[in-house]
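Coordinate-derived values only; no laboratory data. Being a predicted model, the structure only gives us computed values, none of them experimental. With ideal geometry, Cβ positions are generated from the backbone for all residues, glycine too; neighbour counts draw on all protein chains shown.
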Amino acid sequence: MEATPRTARGRATRDRILGAASELIFQRGVAETSVDDVIERAGASKSQLYHFFDDRVALLRAVVIYNADDALGDLPEFDSWRAIRASFDVLVEQAIERSACGGCRIGSLVGQLAETDPRTQLEIAAAFERWREHLVDGLTSMQRHGKLDRHADPAVLATATLAAIQGGFLLVQATRDPDQLAIALDAAYAHLRAHRA
């Protein structure tokens, strides 16, 4: 059973461990990140790590949640054509800032973790669902305000948009070319605009 930190110091230690694990996995991948690497990067002890996480699998599952909270905690608005375009531009800018390395902080974990542990797969699915719901909420708001065709299905459009985002990130990760994401997002934007009111 994983321990929940009861003190500010405990929370800081747990967050430091998660931050170190997330960073290492983003840079090297899951297979090349050991518990010892995480301990060294976090400046923590093995007993501290195992106090908060039962095992490496539990740590990896927590990294999925940590990455999702970080990536989805402050998503830009998606409730106007200008906001959609701006949110897509932010994603491309982030890919450029990272020198087109690492891909999506959630999506890059799918191939590494989704088949290894059913609970981890559920956490990844939950992260994507949070993202999709954000898109659905924005598109539904646009529909209510007469900016999106009333016959359009926000849920279907959100799923297609998220697929374009993830496909673009995957191509960026493979090619190290942020233009691949920009092209995918331009196509997603054109698809959404085809449903404007």
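Just to be sure I understand: with springs between alpha-carbon atoms less than 10 Å apart, which residue in G43, G103, G19 has the highest mean-square fluctuation in the Gaussian network model of the chain? Among G43, G103, G19, the largest mean-square fluctuation in the Gaussian network model of the chain belongs to G43.
If R0 is taken as 35 Å, the Cβ-Cβ distance between A31 and A83 corresponds to a FRET efficiency of 0.35.
For region 8-54, the relative contact order works out to 42 percent when only alpha carbon pairs closer than 8 Å and six or more residues apart are counted. By the helix-only formula, in which each DSSP H run with n ≥ 4 contributes -39500 (n - 2.57) and the sum is divided by residues, the chain has a 222 nm mean residue ellipticity of -23000 deg cm²/dmol. Across all directions, the average projected area of the convex hull around the alpha carbons of region 69-193 is 7.5 nm². Once C-alpha pairs closer than 8 Å and six or more residues apart are averaged by separation and normalised to the residue number of region 69-193, the relative contact order reads 31 percent.
About its Cα centre, the chain has a charge dipole of approximately 360 debye under the convention of +1 per Lys or Arg Cβ and -1 per Asp or Glu Cβ, with nothing else charged.
Ordering T175, A158, I124 by Cα displacement along the dipole of region 104-197 toward the positive end leaves A158 in first place; charges were set at the Cβ atoms of Lys, Arg (+1) and Asp, Glu (-1). Length gained on full extension, V156 to E133, computed as 0.36 nm times the residue gap minus the Cα-Cα distance: 7.2 nm. The HN-Hα couplings worked out from phi for region 54-62 by the Karplus form 6.51 cos²θ - 1.76 cosθ + 1.60 (θ = phi - 60°) are 4, 7, 4, 4, 5, 5, 5, 4, 5 Hz, whole numbers, x standing for Gly and Pro. What you get for region 8-54, charging only the Cβ of Lys and Arg (+1) and of Asp and Glu (-1), is a dipole of about 260 debye around the Cα centre.
Tell me the net charge near A163. Cut-off is 14 Å between Cβ atoms, A163 excluded, with +1 for each Lys or Arg and -1 for each Asp or Glu. Once positives and negatives cancel, what remains is 0. For trypsin sites (Lys or Arg not before Pro), the sites in region 1-63 that DSSP calls loop and that have at most 10 other Cβ atoms within 10 Å are R6. Dipole orientation for region 75-197: of the candidates V136, H195, L91, H195 has the Cα lying most toward the positive pole (charges on Cβ; Lys, Arg +1; Asp, Glu -1).
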